[in-house]
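Q: Just passing along the structure, written as structure tokens.
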Amino acid sequence: MPLRKDRTINQQLHSIVESDNPESSPVNQSTLKILGPSCLQGNINIGGAKNSALPAMAATLLSSGVCRLRQVPCLADINIMGQVLSALGAKIKHNTNTFTLDIDASIINNSEAPYELVRQLRASFFAIGPILARLGVARIPLPGGCAIGARPVDLHVKGLQALGAEVHIEHGMVNAYISSSKKKLRGAKIYLDYPSVGATETLMMAATLAEGETIIENAAQEPEVEDLANLCIAMGANIFGAGTKTIVISGVPKLHSVDYTIIPDRIEAGTFLIAGAITNSDISISPVVPKHLSAVISKLQSVGVKIIQETSDSLHILPSKILKSTDIETQPYPGFPTDMQAPFMALLSICSGSSYITETVFENRMRHVSELNRMGANIRVKGNNAIVQGVPKLSAAPVIGSDLRASAALILAALAAEGETIFQGLQHLNRGYEQLEVKLQKLGAKLQRVDLVEENDISQDSI
Ligand code: EPZ
């Protein structure tokens, strides 16, 4: 649900935040009707990366000036993060026509993020590093788990303590403060037990204003981590090695304004590549950084999909009739991304032969399987492993999305399924895919957004 240019972010956000209340939200009472099988054709414009824009918004709290972020997607998660920054005292202008976000964090007069918002967007927890580094104190509600896992923040907390912060968790609140007289964090050597994306980002941001040098070992190497580092460097930070396992940050006294463009969303790009593959279509996507999708492209080619890189920032997928099985194991970057596991499983469900999928990053990321099986897929799950027995075709059915990427998987399956699928779960899709149905319609997909309340008097005209 993109922000309208003419309304303030708070007015808009209030309606967005409302939308997460399942009872009242129009979004949750809407469904998508998808008529398949579709054949797609044309070019798709890929938006800025959600998982870059969210930490980048938090990083602007480190600056005492006005920061401009470009290619910021219009997503529910972005709207909620904007409301978190507003609650902390920042002033925000979101121009949805130019996908530009102007954030003035020169005055940050509140060190506590509202529970109501952190509850809905766990990425808002990433603000703890910048607030603590800027104010010397931060009170951030403990983000709850979500559909895909418990999502603890112990690595964030341990790292902040290594940087000299006192951190106590009580009553569901993470209270962090710097007891030293200078109110400055101090550089430290930190080893992450797991290459957590969020913990790497939180600690890298906190270390930019610390005294001395910080070394983060076993750091996450995701492109979004590197993008965040490039943003901070453009703000005046000294960061070396982002995108590798070891990141070195030399603290500086302050960071300044910046005008920065977010990288393209590699998961949106991968999702559209699968839309092309699962419907045996001819589509192009841009902008994209092919290197960010190496593992996904390699797996698509191993199932028989033809992909051509025509320019440095575009990919072209061609109809490829015979698709055969392959095995997937999700890993931290540069391994196969966990966010592509569900969408790729939808494709594998119609690839001939058996495919073996192992999810190693999150402990509960197989909830799309039961819904895919309702559409005629033949998938068995045991713990974090799934065996996909390819079937000749899927059949339409009413399905419900449990989380963002599971919902994307069901939409992709519906594009290939015979008949009219009724999808519920738009509130999940709106979090991470900007106008997914509009973009698919432009490619020729037959989708229609329908309010459940009208369901009874909808004529039987097909879409
Ligand atoms: C980021 O989540 C992304 N979200 C996720 O995308 C993505 O799936 C994930 O990285 C992995 O690539 C954003 O960037 C906003 P992690 P994050 O910390 O940072 C465990 C999507 O669909 N862990 O790398 O939360 C954790 O439980 C979303 O766009 C700890 O144990 O991921 C998980 O098992 C979903 N302790 C594993 O590490 C910690 O302190 C990876 O989590 C932190 C994490």
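Q: Quick one: count up the residues across segment 166-206 that are outside any loop (DSSP other than H, G, I, E, B), touching a residue at least 24 places away in the same chain (Cβ under 8 Å) and within 16 Å of the ligand (Cβ to nearest atom). Before you say what the answer is, go through the steps one by one.
A: Filtering segment 166-206 down to residues outside any loop (DSSP other than H, G, I, E, B) leaves 166-170, 173-177, 186, 189-191, 197-206.
This time we only want the ones that are touching a residue at least 24 places away in the same chain (Cβ under 8 Å), so: 169, 173-177, 186, 189-191, 197-206.
Right, trim to within 16 Å of the ligand (Cβ to nearest atom) and you get 169, 174, 176, 190-191, 197-206.
Summing the residues that are outside any loop (DSSP other than H, G, I, E, B), touching a residue at least 24 places away in the same chain (Cβ under 8 Å) and within 16 Å of the ligand (Cβ to nearest atom) in segment 166-206 gives 15.
Q: Hey, another quick one. Restricting attention to segment 207-241, which residues are touching a residue at least 24 places away in the same chain (Cβ under 8 Å), small (Gly, Ala, Ser) and within 26 Å of Ala269 (Cβ to Cβ)?
A: Selection gives Ala219, Ala220, Ala229, Ala234.
Q: Continuing with this model, one more query. Give segment 387-415 a look and list any residue that's away from the ligand (no atom under 16 Å from the Cβ) and surrounded by fewer than 24 Cβ atoms within 10 Å (Cβ to Cβ), or say none.
A: The answer is Ile387, Gln389, Gly390, Val391, Pro392, Lys393, Ser395, Ala396, Ala397, Pro398, Ile400.
Q: Please find, within segment 395-407, the residue that is nearest to Ser352 (Cα to Cα) out of those that are in a loop (DSSP other than H, G, I, E, B) and touching a residue at least 60 places away in the same chain (Cβ under 8 Å). Before the answer, list the steps.
A: Step one: filter segment 395-407 for residues in a loop (DSSP other than H, G, I, E, B), giving 396-397, 401-403.
Add one more test, that the residue is touching a residue at least 60 places away in the same chain (Cβ under 8 Å), and what stays is 396, 402-403.
Working: Ala396: 20, Ser402: 27, Asp403: 27 Å.
Looking at residues that are in a loop (DSSP other than H, G, I, E, B) and touching a residue at least 60 places away in the same chain (Cβ under 8 Å), I get Ala396.
Q: Which residues, taken from segment 309-331, are closer than 29 Å to Lys393 by Cβ, of a type outside the set (Ser, Thr, Tyr) and touching a Ser or Thr at 6+ places or on another chain (Cβ under 9 Å)? Even if it seems obvious, please write down each step before you answer.
A: Let us first name the residues in segment 309-331 that are closer than 29 Å to Lys393 by Cβ, namely 315-330.
Add one more test, that the residue is of a type outside the set (Ser, Thr, Tyr), and what stays is 315-319, 321-324, 327-329.
Result: Leu315, His316, Ile317, Leu318, Pro319, Ile322, Leu323, Lys324, Asp327, Ile328, Glu329.
Q: If I filter segment 360-370 for residues that are at negative phi, out of contact with any strand residue (DSSP E or B) (no Cβ under 6 Å at 6 or more places or on another chain), free of Cβ contacts under 8 Å to residues at least 12 places away in the same chain and outside any loop (DSSP other than H, G, I, E, B), do I get at least one hit? Reasoning before the result, please.
A: Of all residues in segment 360-370, those at negative phi come to 360-370.
With the extra rule that they be out of contact with any strand residue (DSSP E or B) (no Cβ under 6 Å at 6 or more places or on another chain), the set shrinks to 365, 367-368, 370.
Imposing the further condition that a residue be free of Cβ contacts under 8 Å to residues at least 12 places away in the same chain reduces the set to 370.
With the extra rule that they be outside any loop (DSSP other than H, G, I, E, B), the set shrinks to 370.
Yes, because at least one residue in segment 360-370 is at negative phi, out of contact with any strand residue (DSSP E or B) (no Cβ under 6 Å at 6 or more places or on another chain), free of Cβ contacts under 8 Å to residues at least 12 places away in the same chain and outside any loop (DSSP other than H, G, I, E, B).
Q: Looking at (1) under 22 Å from Leu255 (Cα atoms); (2) in contact with a strand residue (DSSP E or B) (Cβ under 9 Å, 6 or more places away or on another chain), find the lone condition where Ala133 falls short.
A: (2)
Q: Determine whether segment 103-125 contains at least one residue that is within 21 Å of Leu404 (Cβ to Cβ), within 24 Å of the chain's Cα centre (by Cα), assigned to a loop (DSSP other than H, G, I, E, B) and near the ligand (Cβ under 9 Å from one of its atoms).
A: Going through segment 103-125, the residues within 21 Å of Leu404 (Cβ to Cβ) turn out to be 116-125.
Filter once more, so that each one left must be within 24 Å of the chain's Cα centre (by Cα): 116-125.
Imposing the further condition that a residue be assigned to a loop (DSSP other than H, G, I, E, B) reduces the set to 119-121.
With the extra rule that they be near the ligand (Cβ under 9 Å from one of its atoms), the set shrinks to 121.
Yes, that holds for at least one residue.
Q: Name the residues in segment 172-216 that are modelled with pLDDT of 95 or more and open to solvent by 60 Å² or more (accessible area, probe 1.4 Å), would you?
A: Tyr177, Lys184, Arg186, Lys189, Tyr191, Asp193, Tyr194, Glu211, Glu213
Q: Could we say that Ala150 is open to solvent by 10 Å² or more (accessible area, probe 1.4 Å) and within 16 Å of the ligand (Cβ to nearest atom) here? Please lay out each step first, then the result.
A: Details: open to solvent by 10 Å² or more (accessible area, probe 1.4 Å): yes; within 16 Å of the ligand (Cβ to nearest atom): yes.
Judged against the criteria, Ala150 is a match.
Q: It is to be established whether one or more residues within segment 135-143 are farther than 15 Å from Gly82 by Cα, within 12 Å of the ligand (Cβ to nearest atom) and either open to solvent by 40 Å² or more (accessible area, probe 1.4 Å) or assigned to a helix (DSSP H, G or I) (or both). Write out each step before concluding.
A: Our first condition is that a residue be farther than 15 Å from Gly82 by Cα; within segment 135-143, this holds for 135-143.
Now narrow it down to the ones that are within 12 Å of the ligand (Cβ to nearest atom): 142-143.
Next, from what is left, pick out any that are either open to solvent by 40 Å² or more (accessible area, probe 1.4 Å) or assigned to a helix (DSSP H, G or I) (or both): 142.
Looking for residues that are farther than 15 Å from Gly82 by Cα, within 12 Å of the ligand (Cβ to nearest atom) and either open to solvent by 40 Å² or more (accessible area, probe 1.4 Å) or assigned to a helix (DSSP H, G or I) (or both), one finds at least one in segment 135-143, hence yes.
Q: Output the residue which, of all residues in segment 244-270 that are in contact with a helix residue (DSSP H, G or I) (Cβ under 6 Å, 6 or more places away or on another chain) and open to solvent by 20 Å² or more (accessible area, probe 1.4 Å), is nearest to Gly432 (Cα to Cα).
A: If we take residues in segment 244-270 being in contact with a helix residue (DSSP H, G or I) (Cβ under 6 Å, 6 or more places away or on another chain) and open to solvent by 20 Å² or more (accessible area, probe 1.4 Å), then Arg266 is nearest to Gly432 (Cα to Cα).
Q: Does Ile46 satisfy the criteria of being open to solvent by less than 20 Å² (accessible area, probe 1.4 Å) and within 19 Å of Leu315 (Cβ to Cβ)? Outline the logic, then answer.
A: Numbers: open to solvent by less than 20 Å² (accessible area, probe 1.4 Å): yes; within 19 Å of Leu315 (Cβ to Cβ): yes.
Judged against the criteria, Ile46 is a match.
Q: Additional query: Taking the stated definitions as given, is Glu363 crowded, with 21+ Cβ neighbours inside 10 Å and acidic (Asp, Glu)? Lay out the reasoning, then the answer.
A: On the way: crowded, with 21+ Cβ neighbours inside 10 Å: no; acidic (Asp, Glu): yes.
Judged against the criteria, Glu363 is not a match.
The values are calculated or read from the model by the stated rules, or taken from the named source; none is laboratory data. Bear in mind that the values here come from a model prediction, so they are computed numbers and not experimental data. For neighbour counting, all protein chains shown are included, and Cβ atoms are generated from backbone atoms with ideal geometry for every residue, glycine included. The accessibility values were calculated without ligands, DNA or RNA, using every heavy atom of the protein model including side chains. Shrake-Rupley method; radii C 1.70, N 1.55, O 1.52, S 1.80 Å.
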